[in-house]
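Participant: Input: one structure, supplied below.
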Amino acid sequence: MRPGVYVVGDHILSPLGKGSAYHFEQLANGKRAMAPTLDPALSDRPVVIARIDDGQWADELADARRYTRLERLFIRTLQELIGRYDIPLHSRTLVVLATTKGNVGLLHRPEAGFPHERANLSVMAGAIQRYLGFEAPFLTVSNACISGSLAISVAQRLLQHSERYDQAVVVGGDELSKFIVSGFEAFQALANEPCRPFDRDRKGLNLGEAIAAAYLSKVPSDGAVRIAGVGSYNDANHISGPSRTGEGLYRSIRHALSAAGDPSLDFISAHGTATAYNDEMEAVAFNRCGLGNIPTHSLKGYFGHTLGASGLLETILGIHSLRNGRLIPSVGFHEQGTTEALNIITDGVSLPLRTFLKTASGFGGCNIASVFQIG
Amino acid sequence: MKTQRLYIQSHCTIRNRSIGVNGRTYWQGDPDASLSDFLKAAYRGLAIDYPKFHKMDGLCKAVFIAAELLARESGPYATDTTLVFSNYSSSHLADERHARDIHAGDEAVASPATFVYTLPNIVLGELSIRHRLHSENVFFIFDSFLPEFLVPYTETLFEGSRVAGALGGWTEVTEGRCDVLLYRIGTSGRIPHTIAGLKKLYNEDNE
């Protein structure tokens with residue numbers, strides 16, 4: 001029997017502010033982070049995005065100019081997590097960093113003032129590691145939009161199987177750049193309004209920025225949440241479009257639930273990007289698993305799609321939902337908008353909550369489902 | 001920790017415009033060819049027939065060819081073959097192209113066909129589609145090939161007979177450097193799946 005692995009601490013930095021408990025309250029108050037933005041550095045057209053205000057956080061560190069904006073955001077988030085939970089920096093602490101594109105915004109932009117090489121993910125990870133003083137090199141996972149969730153699973157597996165680590169930090173983040181915005185524009189995936197996951201009139205996704213970090217331990221603390229089961233399967237269908245049958249997500253959920261001992265679920269935190277095809281695929285997969293009646297939300301309506309952070313960000317807020325015994329409504333949803341019905345959460349009701357399922361899907365046909373349980 | 005003995009069943013390298021299978025030169029390209037000409041010539045020369053190949057970026061093309069040759073060598077992949085890949089430059093070829101396209105002043109235009117390849121794990125999707133793999137995929141970014149991490153990590157995937165096989169890959173493909181090692185891992189075979197075994201495969205020259 002392998003030891004259990006628990007999420008014992010967390011921290012979030014987003015346009016809404018900092019601190020995960022603070023974020024949970026902001027969501028309860030219906031705060032949404034996205035705003036129409038016209039910035040030629042991102043796009044020639046106005047885009048509805050959720051972007052972290054630099055003035056607020058990014059320059060609060062020594063030698064700020066030697067670090068890229070994204071590195072500073074990672075460093076600030078990790079400093080707060082380390083300080084709050086007194087996390088040891090020695091080599092028995094594993095750090096897993098999840099990002100889709102890291103410093104890619106530096107490419108072909110000499111005015112940014114960093115060498116081209118800094119766009120390499122391991123160079124970025126090394127800069128953050130050395131600044132903070134972690135002894136072990138970071139492990140970097142770059143697996144499209146499931147990166148944040150997959151990083152939790154990788155850390156769990158290493159804590160369970162390797163004698164080298166006692167605890168782990170998992171951190172996920174991406175920043176918006178012209179590189180990313182222009183690509184999603186080219187895919188015609190962006191909504192020109194705050195997004196509406198699973199809604200009949202959904203028009204696409206919003207891009208967002210967040211840095212999310214979690215502290216994992218083999219020793220449960222008060223309020224710890226156990227990673228009860230994970231499944232991850234590829235659709236083997238299309239590199240940019242979700243499977244019509246939801247095959248990979250279906251297999252991922254089945255595997256995760258079985259690994260967790262088939263618990264009854266109190267809610268599902270879906271990927272829910274608010275694109276027509278993604279939400280439809282998830283509705284198919286959830287119903288194939290017999291989960292169409294489980295209360296379900298997408299948090300993309302609060303933060304937009306935060307790419308490499310999203311799986312981790314949404315997991316952390318799901319954990320706070322368990323601890324507080326209060327459901328988070330799926331903001332932006334009004335009318336059933338998928339062929340197969342889902343039980344979308346519209347009221348933040350209080351009730352005893354013990355177990356939730358987090359899912360994520362991404363380009364390349366990847367999917368992941370993870371079950372989290374408290375107590 | 002007690003784990004199952006694992007073996008490397010076959011392996012393919014692509015380096016310096018040369019393709020090797022199990023330590024022997026399998027196909028030799030023109031040493032002066034560009035990466036894309038080399039990959040196109042290899043596709044034709046090896047009589048591979050998969051029209052979607054031509055849409056792929058250089059990273060996917062190189063890895064696709066290597067995976068194809070390993071299927072010829074060791075038979076079709078089991079549907080649960082898990083994929084554990086890594087490199088240094090992520091999706092650098094596609095990243096460069098997309099960045100160039102969008103920073104081209106008045107000519108700037110983003111292409112969805114390029115953008116989709118700006119993720120390193122797209123190659124895992126391409127392999128899953130081609131070989132019908134419904135399995136777990138992960139893409140790590142390292143400074144260099146890291147058997148010290150990959151061997152114990154891959155072993156954990158086999159625990160409890162979760163999977164029958166794995167395909168490991170170091171897939172560093174840029175304009176200036178093509179350094180690909182793909183290797184099939186299973187519960188039987190000749191070369192032990194150990195740190196020393198993998199280092200030897202990575203460092204050996206083809207005969």
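Participant: Would you be able to say whether some residue in region B:145-154 is surrounded by 20 or more Cβ atoms within 10 Å (Cβ to Cβ) and within 9 Å of another protein chain (Cβ to nearest Cβ)?
Facilitator: The answer is yes; a qualifying residue exists.
Participant: Now a separate question. List the pairs whose first member sits in region A:275-296 and is of a type in the set (Phe, Trp, Tyr) and buried (at least 18 other Cβ atoms within 10 Å of the Cβ), whose second member is at pLDDT 95 or above and in a loop (DSSP other than H, G, I, E, B), and whose Cβ atoms are under 9 Å apart, counting only residues at least 6 apart or on separate chains?
Facilitator: A:Phe286/A:Gly246; A:Phe286/A:Ala270; A:Phe286/A:Gly292; A:Phe286/A:Ile294; A:Phe286/A:Glu340; A:Phe286/A:Leu342
Participant: Further, regarding this structure: Give the residue that is surrounded by the most Cβ atoms within 10 Å (Cβ to Cβ), with candidates limited to residues of region B:53-94 that are of a type in the set (A, V, I, L, M) and closer than 16 Å to A:Asn120 by Cβ. Can you show your working first?
Facilitator: As a first pass, look at region B:53-94 and keep what is of a type in the set (A, V, I, L, M): B:56, B:59, B:62-63, B:65-67, B:69-71, B:78, B:83-84, B:93-94.
This time we only want the ones that are closer than 16 Å to A:Asn120 by Cβ, so: B:59, B:93-94.
Numbers: B:Leu59: 27, B:Leu93: 23, B:Ala94: 23.
Only one residue tops the list, namely B:Leu59.
Participant: For region B:100-117, how many residues are at the interface with chain A (Cβ under 7 Å from one of its Cβ atoms) and touching a Ser or Thr at 6+ places or on another chain (Cβ under 9 Å)?
Facilitator: Matching residues across region B:100-117 total 5.
Participant: Return the pairs, sorted by first residue and then second, in which the second residue is at pLDDT below 80 and among the aliphatic types (A, V, I, L, M), the first residue lies in region A:37-62 and is under 14 Å from A:Gly17 (Cβ atoms), the beta carbons are less than 9 Å apart, and the residues are 6+ apart or on different chains.
Facilitator: Pairs found: A:Ile52/A:Ala58.
Participant: Right, next: Away from chain B (no Cβ under 14 Å), among the β-branched types (Val, Ile, Thr), surrounded by fewer than 23 Cβ atoms within 10 Å (Cβ to Cβ) and touching a residue at least 60 places away in the same chain (Cβ under 8 Å), is that true of A:Val225?
Facilitator: So A:Val225 does not fit the description; no.
Participant: In region B:5-59, how many are at negative phi and either part of a loop (DSSP other than H, G, I, E, B) or of a type in the set (Phe, Trp, Tyr) (or both)?
Facilitator: Going through region B:5-59, the residues at negative phi turn out to be B:5-15, B:18-21, B:24-46, B:48-59.
Imposing the further condition that a residue be either part of a loop (DSSP other than H, G, I, E, B) or of a type in the set (Phe, Trp, Tyr) (or both) reduces the set to B:5-7, B:26-27, B:29-34, B:38, B:43, B:46, B:48-50, B:53, B:56-57.
Here the count works out to 20.
Participant: Could I ask something else about it? Go through region A:312-329 and count every residue that is assigned to a helix (DSSP H, G or I) and more than 21 Å from A:Phe74 (Cβ to Cβ).
Facilitator: The qualifying residues number 6.
Participant: Report the residue count in region A:56-94 for those that are in a loop (DSSP other than H, G, I, E, B) and of a type in the set (Val, Ile, Thr).
Facilitator: Residues in region A:56-94 being in a loop (DSSP other than H, G, I, E, B) and of a type in the set (Val, Ile, Thr): 2 in total.
Here is a yes/no grid of residues against (1) within 24 Å of the chain's Cα centre (by Cα); (2) more than 9 Å from chain B (Cβ to nearest Cβ); (3) of a type in the set (Phe, Trp, Tyr):
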| residue | (1), (2), (3) |
| --- | --- |
| A:Thr93 | yes, yes, no |
| A:Pro110 | no, yes, no |
| A:Ala119 | yes, no, no |
| A:Phe134 | yes, yes, yes |
| A:Leu150 | yes, no, no |
| A:Leu158 | yes, no, no |
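Participant: Identify all residues within region A:179-208 that are in contact with a His (Cβ under 9 Å, 6 or more places away or on another chain), surrounded by 20 or more Cβ atoms within 10 Å (Cβ to Cβ), charged (D, E, K, R) and assigned to a loop (DSSP other than H, G, I, E, B); write none if there are none.
Facilitator: A:Arg196
Participant: Out of curiosity, is B:Glu159 surrounded by fewer than 18 Cβ atoms within 10 Å (Cβ to Cβ), of a type in the set (Asp, Glu), within 30 Å of B:Ala33 (Cβ to Cβ) and more than 19 Å from the chain's Cα centre (by Cα)?
Facilitator: no
Table: residues versus (1) in contact with a Lys or Arg (Cβ under 9 Å, 6 or more places away or on another chain); (2) loosely packed, with under 14 Cβ neighbours inside 10 Å; (3) not β-branched (Val, Ile, Thr).
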position	(1), (2), (3)
A:Gly4	yes, no, yes
A:Ile12	yes, no, no
A:Pro15	yes, no, yes
A:Gly30	no, yes, yes
A:Thr37	yes, no, no
A:Ala41	yes, yes, yes
A:Asp44	no, yes, yes
A:Ala50	yes, no, yes
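The values are calculated or read from the model by the stated rules, or taken from the named source; none is laboratory data. These figures come from a predicted structure and were not determined experimentally. In this analysis, Cβ positions are derived from the backbone assuming ideal geometry, glycine residues included, and neighbour counts consider all displayed protein chains.
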